[in-house]
1. Please return the ranges of helices (runs of 4 or more DSSP H) entirely within the stretch 1-108 where 1 or more residues are touching a residue at least 12 places away in the same chain (Cβ under 8 Å).
2. Looking at the stretch 103-127, which of the residues that are surrounded by fewer than 16 Cβ atoms within 10 Å (Cβ to Cβ) and in contact with a helix residue (DSSP H, G or I) (Cβ under 7 Å, 6 or more places away or on another chain) is farthest from residue 91 (Cα to Cα)?
3. In the stretch 21-40, which residues are closer than 22 Å to residue 118 by Cα and of a type outside the set (A, V, I, L, M)?
4. Going residue by residue through the stretch 19-36, is there one that turns out to be within 20 Å of residue 79 (Cβ to Cβ), exposed (fewer than 11 other Cβ atoms within 10 Å of the Cβ) and not β-branched (Val, Ile, Thr)?
5. Answer yes or no: is there a residue in the stretch 73-91 that is farther than 23 Å from residue 8 by Cα, surrounded by 13 or more Cβ atoms within 10 Å (Cβ to Cβ) and of a type in the set (Ser, Thr, Tyr).
6. Please specify each residue of the stretch 1-24 satisfying the condition of being modelled with pLDDT of 90 or more and within 21 Å of residue 69 (Cβ to Cβ).
7. Of the conditions (1) touching a Phe, Trp or Tyr at 6+ places or on another chain (Cβ under 9 Å); (2) exposed (fewer than 13 other Cβ atoms within 10 Å of the Cβ); (3) closer than 26 Å to residue 8 by Cβ, residue 41 clears all except one; give me its number.
Amino acid sequence: MKERTNYSSGAPLEEIAGYSRMVEVGDHIYIGGTTAVQPDGSVYGESAYEQAGFIFGKFGELLARAESGFSDVIKVKAYITDMAFAKDVAAAYTERFKEVRPLFTMVETPKLNRPAQLVEIELEAVTGCTVTNP
C-alpha cells in the first residue's frame, strides 16, 4: 500500500472545504489549481507574468516540502482568462522549465474566482526523475 501525504498551503478555504494544496502518493506529487492569492487574501501582481511567477514560487516552496523540485515536474496546466496572456505566462514558465521540458497545456477560461486573477496553474511531478532530451 502506498503512503499518501496531504499538504496545506495554509489557505483558510482548504480547511473549510476539505481539500489539500498538494498531495504526494509514493513518488507522485500533484498540486491543485493555484492562483496568486497572498496570505492576506489579496491578489499578487497586475500582469499574468507577475501572477504566474508568484504561483511558480509557491510551487517551488511546496515541492521542497516534499523533497522535490522543478526538475521532477512532468506536467503543467495553466488556465488563463484571455489568450492574450499566453506569452506572459509562457515566459514565467520558461524561466523555470526550459531545460526540464515537462508537458505544458494552456487553455482559456472565461473567469476565475476573483476578477483580478488572470491565471491558475496546476502541476504534476514524479520525484527522482532524470531529465533526458534526446
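The values are calculated or read from the model by the stated rules, or taken from the named source; none is laboratory data. Because the structure is a prediction, the values reported are computed rather than measured. Heads up, the Cβs are rebuilt from the backbone with ideal geometry, glycines too, and the neighbour counts pull from every protein chain shown.
1. Working: elements: 12-17, 48-65, 86-97.
Of the helices (runs of 4 or more DSSP H) lying wholly inside the stretch 1-108, those with at least 1 residues that are touching a residue at least 12 places away in the same chain (Cβ under 8 Å) span 48-65, 86-97.
2. 126
3. Let us first name the residues in the stretch 21-40 that are closer than 22 Å to residue 118 by Cα, namely 21-22, 30-40.
Residues satisfying the conditions are 21, 30, 32, 33, 34, 35, 38, 39, 40.
4. Taking the stretch 19-36 first, the residues within 20 Å of residue 79 (Cβ to Cβ) are 19-23, 29-36.
Subsequent filtering for residues that are exposed (fewer than 11 other Cβ atoms within 10 Å of the Cβ) retains none.
No - not one qualifying residue is present in the stretch 19-36.
5. Yes, because at least one residue in the stretch 73-91 is farther than 23 Å from residue 8 by Cα, surrounded by 13 or more Cβ atoms within 10 Å (Cβ to Cβ) and of a type in the set (Ser, Thr, Tyr).
6. 3, 4, 5, 6, 7, 20, 21, 22, 23, 24
7. (1)
Each row is one residue, and each column tells you yes or no for (1) over 25 Å from residue 126 (Cβ atoms); (2) among the hydrophobic types (A, V, I, L, M, F, W, C); (3) touching a Phe, Trp or Tyr at 6+ places or on another chain (Cβ under 9 Å).
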| site | (1), (2), (3) |
| --- | --- |
| 1 | no, yes, no |
| 4 | no, no, no |
| 18 | yes, no, no |
| 26 | no, no, no |
| 70 | no, yes, yes |
| 83 | yes, yes, no |
| 89 | no, yes, yes |
| 93 | no, no, yes |
| 105 | no, no, no |
